[in-house]
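The values are calculated or read from the model by the stated rules, or taken from the named source; none is laboratory data. Treat the numbers as computed from the prediction; the structure is a model and nothing was measured. Ideal geometry is used to build each Cβ from the backbone, glycine not excepted, and the neighbour counts take in all protein chains shown. Ligands, DNA and RNA are excluded from the accessible area calculation, which covers all protein heavy atoms including side chains. Shrake-Rupley method; radii C 1.70, N 1.55, O 1.52, S 1.80 Å.
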Amino acid sequence: MAQSVKEFTAQLTSISAKMVLDDWTWKVFGYKKRPKRGTKFNRFVNQKKLVSETFLVREIFISCFSSGIITIQFNRNMFERILDFMLERFLNTEGIINALRFDSKREAKNYLLEGLREYAGIDLDSFVSVFIKRASDFTEDTFNKGWLVSASRLTVDKDSPWVIINNSTRENFNIKFVDDL
């Protein structure tokens, strides 16, 4: 049975976005649950905490999407088309740019593309090193060294979104894809 590339990409995008909202993922990083507050209340939050939360929101999405895409050996052209399609649909979803705390669609697209390309170029076991490198680059002086253990847990724990998405994609690995992009 063949699956539409658009359908696969839309499903993977949806699952990855849901993982950002999942309390389990946030608990791995030391939170009791996912932080929930409107943008108006962010000005009352410690700036270091806000930088860390912003990074995690973005990176959870990027790494989850990438963990699903790396299993399928798309050629480079198809990979780029998938990213373009995902970003076009995802970034045109109302409120998503604010939810990911970007100032503009251009900033969001550049950040997401860079991250997706970094993760998608490696295997799941190497995600920790990319995550930590990106965390130290983007959070600078607010970098939390405890995230090394947290990110490591995301590559091995059976409840981890990285593992769940990667395994479910691997189960469907033999599906033929219909190029409908």
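Pairs linking a residue in segment 11-25 that is without any contact (Cβ under 8 Å) to a residue 24 or more places away in the chain and closer than 17 Å to ASN92 by Cα to a residue that is in a helix (DSSP H, G or I) and open to solvent by less than 60 Å² (accessible area, probe 1.4 Å), with Cβ atoms under 6 Å and 6 or more positions apart or on different chains, do not occur. The single condition from (1) under 16 Å from the mean Cα position of the chain (by Cα); (2) open to solvent by 40 Å² or more (accessible area, probe 1.4 Å) that PHE29 fails is (2).
Only residues that are among the aliphatic types (A, V, I, L, M) and in contact (Cβ under 8 Å) with a residue 24 or more places away in the chain were counted across segment 131-151, and they come to 2. For segment 84-106, a tally of residues being open to solvent by 70 Å² or more (accessible area, probe 1.4 Å) and part of a helix (DSSP H, G or I) returns 6. Quick one: is LYS6 surrounded by 12 or more Cβ atoms within 10 Å (Cβ to Cβ), assigned to a helix (DSSP H, G or I) and without any contact (Cβ under 8 Å) to a residue 40 or more places away in the chain? Against the criterion (surrounded by 12 or more Cβ atoms within 10 Å (Cβ to Cβ), assigned to a helix (DSSP H, G or I) and without any contact (Cβ under 8 Å) to a residue 40 or more places away in the chain), LYS6 does not qualify. Filtering segment 145-173 to residues that are assigned to a loop (DSSP other than H, G, I, E, B) and surrounded by 17 or more Cβ atoms within 10 Å (Cβ to Cβ) leaves only SER160.
For segment 36-57, the count of residues that are aliphatic (A, V, I, L, M), out of contact with any Leu (no Cβ under 9 Å at 6 or more places or on another chain) and not in a helix (DSSP H, G or I) is at least one. The residues of segment 38-90 that are at pLDDT below 85 and closer than 14 Å to ALA17 by Cβ amount to a single one, GLY68.
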